[in-house]
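Student: This is the structure, below, for whatever I ask next.
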Amino acid sequence: MSEPRHQKLLGGGTKHQVLSPNVGSPELSPRWWADAFRISNELDMPTKSRGVTATTLNPTYSALQSPVNPADGAHSKSATPRFKMGRQLLVPARQLLSRELRCGGASAHSVGWLCPTLRLRLQADSKPTPNRPQRQSTRYPANKLHHHIPLQNIKTARPLSTTTTTSRYCQTSSFHHAAPRSQFVPITGRQSAPQPLISKLNMKLLYPTSLKVDTSLIEGFPTLTLHPYDPRADTIPEELLDASILITWANSAANLQHAKASMPNLRWIQSLAAGPNDVLSAGFDPAKVTVTTGSGLHDRTVAEHALALLLNAARRFYEMRDYQVQSRWPFHLGGPQPDRPADRFTTLRDANVLIWGFGNIAKTLAPHLTALGATVRGVARHPGVRGGCEIYGEESLPELLPKTDALVMILPGSEATRHVLNKERLALLPKHAWVVNVGRGTSIDEDALVEALEGGSIGGAALDVFEVEPLPGASKLWKAPNCIVSPHAAGGRPQDCEVLIVENLRRFLAGQALRNVIG
């Protein structure tokens, strides 16, 4: 029995027909043909052909899905126009998919037509398979053009498989890519814009005027309108109370309470703070209104501030300032000094720094500390290794605290973290150890901290957050020895908040899970 024709073509290396654009297409130019012929020469293609023609792909009518002659099921000859050329564009199948095409000055779009899609690669014969009726597809109608997959995908193409059966992509004898059909999702020539799940609602998004928001980066969602509001005002304007999305930053307690009581359509609150304590304190229930945090927007600023407080503690800039306002020279801070004394925290080099609350901020801070010579360890709910640092569970604190030169607190505010640094744990720290808090003030028992500072059982404390803010004038922390008071200045400037807002907006409109959702 004679060998099937398509196997002869593959085995003998005979030239195969390549799909090309319609000659009359405005996208086709003499430059395209010049580049195409040059590529065929670079691939060592034969220069002569015996009756092989280029098949036309019309942008509005695909010859691959041409009409069928009802008598014999074959393609109508008139559906595949032929034209004469001085030289034919001929590309053997194996060479096309096994060698990289270098197109020089040709555009990626035009060269892509050398192999229009990876689902229909190369036709082995210009004649259709006899008595093989077409299978019409209702999903991919014949009057839609299937666009090509980018040519660079050819580099990683798998071996070709041969077939003479009719497929939804080609109704002639052809060589097909060996990938399953499920991987091919044709893109039709006419596409409607993607429709969001919430397409019939004209939703309002309220953004605060307490910081500069680049609304041009947020505009463009067809179902959304943006409206500014004053977060420090006691109330939100009546015409905005039907909003569905609320962005919060530096909102007053009265403002959030008014939103809770007067905005029945509110479905999502995007807080730009690392912790949305103010939103939860206003009475919003995360089970009814989705609340997301600004986690990640403050990593660099808080890490920088924590580093500054550590250097202040080690180099005692706060004490130098005290002497300066008295016009006195601090002799004990200048001149010859001991190098890395064991009983004092004077440098980050060889210092043991323990970060309690090892999240995104800690991962940003740790490389700066290690670059200055510190040994960094972390404490978190889940032990392991993060960013090259060993992370321990809270059960390891009794072993870690006695070896700590500086304890950095970056814990969120919740009942689970309230007063976790208590009198008992403060007593485990060495007498020279410093406590730095840039997380939430409720994580430290302030009365126990003042007692430790006044009794000299720890080296000092640098605090950016407090249980009550602003810190009351009657607080003993103001005059406690070796205590640095920072007015919640570590954050205060969310960076690139538009990126987080847009990402969560897309997820929200698509019905997907949002980033930084609190339970």
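The values are calculated or read from the model by the stated rules, or taken from the named source; none is laboratory data. Here the structure is a predicted model, which means the values were calculated and not measured. Virtual Cβ from ideal backbone geometry, glycine too; neighbours counted across all protein chains shown. Just so you know, the surface numbers come from the protein's heavy atoms only, side chains and all, with ligands and any DNA or RNA stripped out. Shrake-Rupley method; radii C 1.70, N 1.55, O 1.52, S 1.80 Å.
Student: Residues that are modelled with pLDDT under 95 and either assigned to a loop (DSSP other than H, G, I, E, B) or within 17 Å of H305 (Cβ to Cβ) (or both): does the range 417-430 have at least one?
Tutor: Taking every residue of the range 417-430 in turn, none turns out to be modelled with pLDDT under 95 and either assigned to a loop (DSSP other than H, G, I, E, B) or within 17 Å of H305 (Cβ to Cβ) (or both).
Student: Moving on to the next point. With respect to A489, is the statement that it is touching a residue at least 60 places away in the same chain (Cβ under 8 Å), small (G, A, S) and part of a loop (DSSP other than H, G, I, E, B) true?
Tutor: In short, yes.
Student: Could you tell me whether any residue of the range 443-456 is touching a Pro at 6+ places or on another chain (Cβ under 9 Å) and part of a strand (DSSP E or B)?
Tutor: no
Conditions tested, residue by residue: (1) in contact (Cβ under 8 Å) with a residue 60 or more places away in the chain; (2) among the polar types (S, T, N, Q); (3) outside any helix (DSSP H, G or I).
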residue	(1), (2), (3)
K288	no, no, yes
A303	yes, no, no
L309	yes, no, no
Q324	no, yes, no
R340	no, no, yes
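Student: A further question follows. What number of residues within the range 342-370 satisfy the criterion of being basic (K, R) and more than 17 Å from A462 (Cα to Cα)?
Tutor: Result for the range 342-370: 2.
Student: How many of the residues in the range 334-353 are hydrophobic (A, V, I, L, M, F, W, C) and open to solvent by 60 Å² or more (accessible area, probe 1.4 Å)?
Tutor: Total satisfying the criteria: 1.
Student: Restricting attention to the range 203-250, report how many residues are part of a strand (DSSP E or B), within 14 Å of Q270 (Cβ to Cβ) and without any contact (Cβ under 8 Å) to a residue 40 or more places away in the chain.
Tutor: Result for the range 203-250: 2.
Student: In the set S443, S486, which member is at pLDDT 95 or above and in contact with a Gly (Cβ under 8 Å, 6 or more places away or on another chain)?
Tutor: S443
Student: Now, a different point. State all residues of the range 433-449 that are over 18 Å from S295 (Cβ atoms) and either among the small types (G, A, S) or surrounded by fewer than 18 Cβ atoms within 10 Å (Cβ to Cβ) (or both); if no residue qualifies, say none.
Tutor: Hits for the range 433-449 are A433, G441, D447, A448.
Student: Taking L310 as meeting all but one of (1) touching a strand residue (DSSP E or B) at 6+ places or on another chain (Cβ under 8 Å); (2) farther than 30 Å from T347 by Cα, write down the number of the exception.
Tutor: (2)
Yes/no per residue for (1) more than 28 Å from N277 (Cα to Cα); (2) touching an Asp or Glu at 6+ places or on another chain (Cβ under 7 Å):
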{"residue": "F358", "(1), (2)": "no, no"}
{"residue": "P367", "(1), (2)": "yes, no"}
{"residue": "R377", "(1), (2)": "no, yes"}
{"residue": "L397", "(1), (2)": "no, no"}
{"residue": "A406", "(1), (2)": "no, no"}
